1. Check whether at least one residue in region 18-37 is surrounded by fewer than 11 Cβ atoms within 10 Å (Cβ to Cβ) and either under 24 Å from K4 (Cβ atoms) or in contact with a helix residue (DSSP H, G or I) (Cβ under 8 Å, 6 or more places away or on another chain) (or both), and report yes or no.
2. Does region 19-34 contain any residue that is of a type in the set (F, W, Y) and touching a Leu at 6+ places or on another chain (Cβ under 9 Å)?
3. Of the numbered conditions (1) surrounded by 10 or more Cβ atoms within 10 Å (Cβ to Cβ); (2) assigned to a helix (DSSP H, G or I), K57 satisfies every one except a single condition; which is it?
4. Out of everything in region 1-34 that is under 14 Å from the mean Cα position of the chain (by Cα) and aromatic (F, W, Y), what residue ends up being modelled with the highest pLDDT?
5. Exactly one of (1) part of a helix (DSSP H, G or I); (2) open to solvent by 100 Å² or more (accessible area, probe 1.4 Å); (3) not polar (S, T, N, Q) is unmet by V8. Its number?
6. L51 versus (1) open to solvent by 100 Å² or more (accessible area, probe 1.4 Å); (2) touching a residue at least 40 places away in the same chain (Cβ under 8 Å): which is the lone unmet condition?
Amino acid sequence: MFKKYNRVLFTTVYLVIVLTVKYFYDLSNMTLTILFAIFLSLLCIYEIAKLKSDETKNKE
């Protein structure tokens with residue numbers, strides 16, 4: 001059931017963590033930009049891994 005919403009759950013958890021850290025520590029815009037770039041790269045890695053697993057399932 002939750003497989004469909006993995007990306008949304010990941011995004012929500014990531015935003016909560018970043019905003020909580022920003023609340024307790026005054027992060028600069030550069031740090032937030034770096035964190036956002038890390039987030040985008042993790043999403044790309046997730047999509048590639050998902051495509052690879054789908055290809056493996058389709059071959060069987």
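The values are calculated or read from the model by the stated rules, or taken from the named source; none is laboratory data. It should be emphasised that the depicted structure is a prediction, and the values quoted were computed from it without experimental measurement. Cβ atoms come from the backbone with ideal geometry, glycine included; neighbour counts cover every protein chain shown. The area values use the complete protein model at the heavy-atom level, side chains included, leaving out ligands, DNA and RNA. Shrake-Rupley method; radii C 1.70, N 1.55, O 1.52, S 1.80 Å.
1. no
2. No, the conditions are met nowhere in region 19-34.
3. Tallying (1) surrounded by 10 or more Cβ atoms within 10 Å (Cβ to Cβ); (2) assigned to a helix (DSSP H, G or I), K57 fails exactly one: (1).
4. Checked region 1-34; the qualifying residue modelled with the highest pLDDT is Y14.
5. The single condition V8 does not satisfy is (2).
6. (2)
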